[in-house]
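Notes follow once the structure below has been shown.
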Amino acid sequence: MSDKKKVDKQSKDEQLEHYRREDSGKHLTTNQGLKMSEDEFSLKAGERGPTLMEDFHFREKMTHFDHERIPERVVHARGFAAHGEFELYKSLEKYTKADFLTDTSKKTPVFTRFSTVAGNRGSSETVRDARGFATKFYTEEGNYDLVGNNIPVFFIQDAIKFPDLVHALKPEPHNEMPQAASAHDTFWDFIANNQESAHMVMWAMSDRAIPRSFRMMEGFGVHTFRLVNAEGKSHFVKFHWKPVLGTHSLVWDEAQKISGKDADFHRGDLYSSIENGDYPEYELGIQVIPEEDEDKFEFDVLDPTKLWPEEDVPVEIVGKLTLNRNVDNVFAETEQVAFHPGHVVPGIDFTNDPLLQGRLFSYTDTQLIRLGGPNFHELPINRPVCPFFNNQRDGYGRQTINTGQVSYHKNSLAQNTPEPAAPEEGGYEHYHEKVEGRKIRARSVSFKDHFSQATLFWNSMSEPEKDHLIQAFSFELGKLESDSVRKQVIEMFSNVSLDLVQGVAKNIGITPPEHGGSDVTKSSPALSQQNTVFKPDTRVVGVIVADNFAGSEVTNVLEGLADKGMSPVVISTRQGTLKGADGTELTVDHTFTTVDPVLLDAVYVAGGGEQSKAFRKKVSYYLNEAFTHFKPIGATHEGIQLLQDNELLEEPGVVAEENGVEFVSKFTEAVAAHRHWDRQVI
Ligand code: HDD
């Protein structure tokens, strides 16, 4: 076990240690423990003869291989996860009796899986899509799963429509295209004909759907859940994860190029930041509404297509999630983890949100097919850290050896054990909500306003964000084959904003609507990413250097950037070591072909005395791509001439300085701003 694991030892980690197996340095055996003398040749009748049925080793090895794959998740198939811990800043006993939300001395082990929704398991990660943000808290009272997304609202209001939504979103059945993309006819046909989706579509067309990193995304529980305290009093709650690095995005052209250059961009970023000790952190926030205030809002607080504006219901920060350990084995942990919004602990309960109610059925059901039977809770990653006892027995792959005669309740032979625990003993008791009504298939009229919050979102965007929305709609609708669907979508979104649809209609060759729009003037500044946290920390700076560079003056700059929290990577025409004018040596991390400007957050050209034509051409490409994607650009020494050659010296977010100390200070500011939207890039 590595030292890092020893330091991070927690109850869950100790439990997992029990199941870890190190194969290296051992003799090869069959699964029956028999040492084998040969693993390269199957058993044959003569050197050129047929393989013999008797070869149990071949049969076992091949059979296991033939059965290695399990069905991928029907949604959220492409995911990446890490272990960590959750610490509570202050007790929430006012609202809940949940042990892990009231005892500030405890650190709860967690496992968090991020995912895209639409794409299959091998699809690219920087596609336009919502991202899953699912966290399993291994509490001492049992597992609690917060299975959320990076978008706070959902496409539909009733779970019965989920199969329809997913069928429309997934690749079309007649040709299985497009992969991991919503830019196709069936998705938009669904949207136009199911207009409750308007609000989430606004989010999905915004920069939120192309995050820069899993470390820079917000997370939301989406539904209104219920917290219940020791006195039995209930409050409605919405859960938020706020990334300590702020919420940041890619730009669409960049995201598409990254898909080709590095389909693993997001997992690579998460994996390496954890390996480097830059642990991703997210603060847990809650919005709370007393049950009796339920009717005080202009929307139904149980409608999953509505958010609670943070300016009206403030987010109280109550704790922090830190991801600090990568998995040992992706299949055993990330693929086999089974989340479920119905995995709750005393003090956390459900509401009548019809989307949530339906989810409570779907998750166990899907694990049964995906993980092959009812014993998936016994898989190491899914086991609670507290013991569990009941009368459930048998089934495929059962591992527990239940001893004793009794497997039923009630009984006398085992003194009626395992016996239910009273609420005072920690037994889960459902909230005593009063419920009555007629059996009907209908939706409350209070769920009927589909556009006000879509407009709220639009109103809250900065100008660049609005422009990105227009571009995203134009891209998606521009890909449609059906003119009719295009027109229906434009008509639908004319209920949200005339500015939006006029911008889009113009781009896709449809007569812009003149009437429509919304009378909602309210905005919520918290929804704009312009108002998030901006830091230079962990931003990747591509440092372009040639031979005969300005020696220690350049290496001092690199140290300065690293001291400010950035990650400089040295790029040149060849790998190996570059020599500075004063003899200083610099190791090249990447050539121009093993990295690409779309994989960097900023570009700094230090230059060098020996520049080939190929070098200068590559620098031009790097500078112009970085410029087009609004990224910070910097230069010192011979690099300044290269900026001038590319007519970039006077542009916003471009720093050129002879003096290294000055440069570090100004460039850090430019990098902390992330993108310089005031550039004219076309
Ligand atoms: Fe879901 C997986 C999040 C609505 C049915 N969902 C899944 C995952 C996340 C979410 C993050 C991946 C968990 C993992 O990493 O293993 N889902 C959401 C959110 C929703 C939502 C935030 C709306 C608020 N989901 C939703 C509905 C249904 C489902 C309405 C069906 C009624 N979701 C599933 C599923 C999945 C799933 C089919 C596929 C794989 C799995 O469960 O384990 O059961």
Candidates E316, E311 - the one that is in the same structural domain as N229 (by TED's automatic domain parsing), in contact with a strand residue (DSSP E or B) (Cβ under 8 Å, 6 or more places away or on another chain) and more than 14 Å from the ligand (Cβ to nearest atom): E316
Hey, F155 within 16 Å of the ligand (Cβ to nearest atom), surrounded by 22 or more Cβ atoms within 10 Å (Cβ to Cβ) and at pLDDT 95 or above or not: yes
Check on V315, at pLDDT 95 or above, closer than 14 Å to H240 by Cβ and open to solvent by 10 Å² or more (accessible area, probe 1.4 Å): yes
Inter-residue pairs, beta-carbon under 7 Å, first closer than 30 Å to C386 by Cα and in segment 15-36, second open to solvent by 70 Å² or more (accessible area, probe 1.4 Å), 6+ apart: R20/D328
Within segment 83-165, strands (runs of 3 or more DSSP E) holding 3 or more residues that are within 26 Å of E291 (Cβ to Cβ): 131-139, 142-149
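Pick from T96, T126, T108, T104: which is more than 16 Å from the ligand (Cβ to nearest atom) and surrounded by fewer than 19 Cβ atoms within 10 Å (Cβ to Cβ)?
Sole residue among the options that is more than 16 Å from the ligand (Cβ to nearest atom) and surrounded by fewer than 19 Cβ atoms within 10 Å (Cβ to Cβ): T104.
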Flag for T116 being more than 12 Å from the ligand (Cβ to nearest atom), crowded, with 22+ Cβ neighbours inside 10 Å and modelled with pLDDT of 95 or more: no
Selection count where residues are open to solvent by less than 50 Å² (accessible area, probe 1.4 Å) and more than 10 Å from the ligand (Cβ to nearest atom), scope segment 346-375: 9
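Which members of segment 54-91 meet the condition of being open to solvent by 60 Å² or more (accessible area, probe 1.4 Å), of a type in the set (A, V, I, L, M) and away from the ligand (no atom under 16 Å from the Cβ)?
The answer is M62, and nothing else.
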Single residue of V288, V244, V237, V251 found to be of a type outside the set (G, A, S) and open to solvent by 40 Å² or more (accessible area, probe 1.4 Å): V244
Exclusive hit being in contact with a strand residue (DSSP E or B) (Cβ under 6 Å, 6 or more places away or on another chain), part of a loop (DSSP other than H, G, I, E, B) and open to solvent by 50 Å² or more (accessible area, probe 1.4 Å), set H409, H343: H343
Qualifying positions in segment 205-225 - part of a helix (DSSP H, G or I), open to solvent by 10 Å² or more (accessible area, probe 1.4 Å) and within 16 Å of the ligand (Cβ to nearest atom): R208
First in segment 322-348 and on the phi > 0 side of the Ramachandran plot, second anywhere and more than 10 Å from the ligand (Cβ to nearest atom), Cβ under 6 Å, 6 or more apart: G347/T96; G347/K97; G347/A98; G347/V228
Residue count for segment 635-648, restricted to those that are within 24 Å of P536 (Cα to Cα) and without any contact (Cβ under 8 Å) to a residue 40 or more places away in the chain: 4
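Looking at segment 524-564, which of its residues are part of a loop (DSSP other than H, G, I, E, B), in contact with an Asp or Glu (Cβ under 9 Å, 6 or more places away or on another chain) and open to solvent by 30 Å² or more (accessible area, probe 1.4 Å)? Please lay out each step first, then the result.
Residues of segment 524-564 that are part of a loop (DSSP other than H, G, I, E, B), as a first pass: 524, 528, 532-539, 546, 548, 550, 564.
In the following step, the residues that additionally are in contact with an Asp or Glu (Cβ under 9 Å, 6 or more places away or on another chain) were identified as 524, 528, 532, 536-539, 546, 548, 550, 564.
T532, D537, N548, K564, listed by residue number.
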Single condition H515 does not satisfy, out of (1) of a type outside the set (G, A, S); (2) assigned to a helix (DSSP H, G or I); (3) at pLDDT below 95: (2)
Residue within segment 249-259 that is outside any strand (DSSP E or B), closer than 30 Å to E433 by Cβ and modelled with pLDDT of 95 or more present: no
Test: residue in segment 432-449 that is touching an Asp or Glu at 6+ places or on another chain (Cβ under 7 Å), polar (S, T, N, Q) and over 30 Å from T139 (Cα atoms): yes
Selection count where residues are assigned to a helix (DSSP H, G or I), without any contact (Cβ under 8 Å) to a residue 60 or more places away in the chain and either touching a strand residue (DSSP E or B) at 6+ places or on another chain (Cβ under 8 Å) or among the aliphatic types (A, V, I, L, M) (or both), scope segment 412-456: 1
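The values are calculated or read from the model by the stated rules, or taken from the named source; none is laboratory data. Quantities reported herein were computed from a predicted structural model and do not represent experimental measurements. When we count neighbours, we look across all protein chains shown, and the Cβ atoms used for this are built from the backbone with ideal geometry, even at glycine. Areas reflect the complete protein model, heavy atoms only, side chains present, ligands, DNA and RNA absent. Shrake-Rupley method; radii C 1.70, N 1.55, O 1.52, S 1.80 Å.
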